[in-house]
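Here the structure is laid out as structure tokens; the discussion comes afterwards.
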Amino acid sequence: MGVSIKTTKVSSVIAALCILIYIAAIAFGAAQIVVNIGERRKVAEKEFGDLADRASSAAVFLGFMSQPYQETIKDYIGSTETLLAVIISGSGGENAFERVEGSGIIWAGDSPRFKIRGGFSGDPLYLPLRIDGQRNVTIKAIYSYIDYNSFIKVLRNVLLAILAALAIAFITLLLELAQKNKGSYYRSAAPGTEPDIKPGVMPDGAESLGFEPEPEPEAAQETAQSPDIPENEEFPAFSSAPAAAPDEEEPEIPAFEIPDFQEDEEQESEDSRESPKGLFTSRGNVGWESYLNDRLSFELQRCASLEQDLVLIIMELGGAIEIDDSLYLQFTGEAVNFFGMRDLIFEKGEKGISVIVPSVNLDHGIAKAEDFNVRINAKLSKSSGISPVLCIGLSSRSGRLIDAERLILEASKALEKALEDPVSPIVAFKSDPEKYREYVKTHSVKA
């Protein structure tokens, strides 16, 4: 126990150390990037100042915006580390220069504009130029303020530090597991071996579990002092039954028969075939009927937390038409294709299904039920040559904190009304706030 406590303390210290390494590595990497950005800004300002001086002096010897002048400006931009694109404006218009064509300039008609970059680029640099014979001459430039080589180097160092911390944590975990396996002798000793525990001595930590050391038996001490027992001495065999009196016959133990559990096993296997197995049924390939209550309760809680509505639709193929397994499977398949949620569709008796439609109000639910009614009548009539009557009952949460059983009851009552009058096969239950409050009050009193 003591070893386990020490190992736990060491693991906690190592875990805290690894977390500190993670934080320090990330903080160091962020600080390095900020420092590199500041240094990059200084380099860009210096290169931009040199460019402005060169643009002013070249205009004197080569002529402002002559072909040699433009080649000079472009060559200098290509030799810099940070400048990406330059725009020189004068009385004759604007001229743009790029390190790589199409990388930093876009054109709006005849006017060049700096491209909005998704990467790292600083605010444009700006200076006026003094050139004889020209007025309002300015020069602007954009630059990249991240050195990608330095950036990758910083990320690599941070990653190496994190990997080192992970390696330390992994090695500590392996050592801890090895220590636990080594200290588990008393719990997993090899068969036929016994731990070396002296009488009256308990393993470490046994006192903390409420055990007390058992005193040495007095019989053992007396045996140690008793004379040696002869080897040829015979002892009567011991039996767990009570000894009989000298002149009394031993009572006969009545025999009993082991009950035959074969019938129970057959009944159990038969029940197991009828009980739900898996998520979907074999007959309709939809949810089991017994799963409806639990799933509806979950969806009601979720919609209530999101302040959304929910509609429960219970439908049944009415009339005296026999519904075989193939027709029922087609019916459920059309429901899955229409509603698109197999895990929210459940069997309902031999001819029906129940559908949970979340995030939908009652009016929308009625519209979906009408569309599905038209679809199922057309599909089943075309495939089987019969026109089954689909009766549908609906109910919705309607902002109420309602339980699943109540909602199922409302939709079932609506379905009963629809089955009574197939001319109007869709019936929706609309809640009355006053009656619902009375129901909640009565329900809570009974509970």
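Right, GLN301: without any contact (Cβ under 8 Å) to a residue 60 or more places away in the chain, assigned by TED's automatic domain parsing to the domain that holds ILE408 and within 19 Å of ASN373 (Cα to Cα) or not?
Details: without any contact (Cβ under 8 Å) to a residue 60 or more places away in the chain: yes; assigned by TED's automatic domain parsing to the domain that holds ILE408: yes; within 19 Å of ASN373 (Cα to Cα): no.
The answer is no for GLN301.
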Output for Cβ contacts, cut-off 6 Å, separation at least six or different chains, first residue on the phi < 0 side of the Ramachandran plot in region 322-339, second aliphatic (A, V, I, L, M) and assigned to a helix (DSSP H, G or I), reads GLU334/ILE376
Picked from region 28-82 (must be of a type in the set (Asp, Glu) and over 18 Å from VAL137 (Cβ atoms)), the residue surrounded by the most Cβ atoms within 10 Å (Cβ to Cβ) is GLU47
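The values are calculated or read from the model by the stated rules, or taken from the named source; none is laboratory data. All values reported here derive from a predicted model rather than from experimental measurement. As a convention, Cβ positions derive from the backbone with ideal geometry for all residues, glycine included, and neighbour counts pool all protein chains shown.
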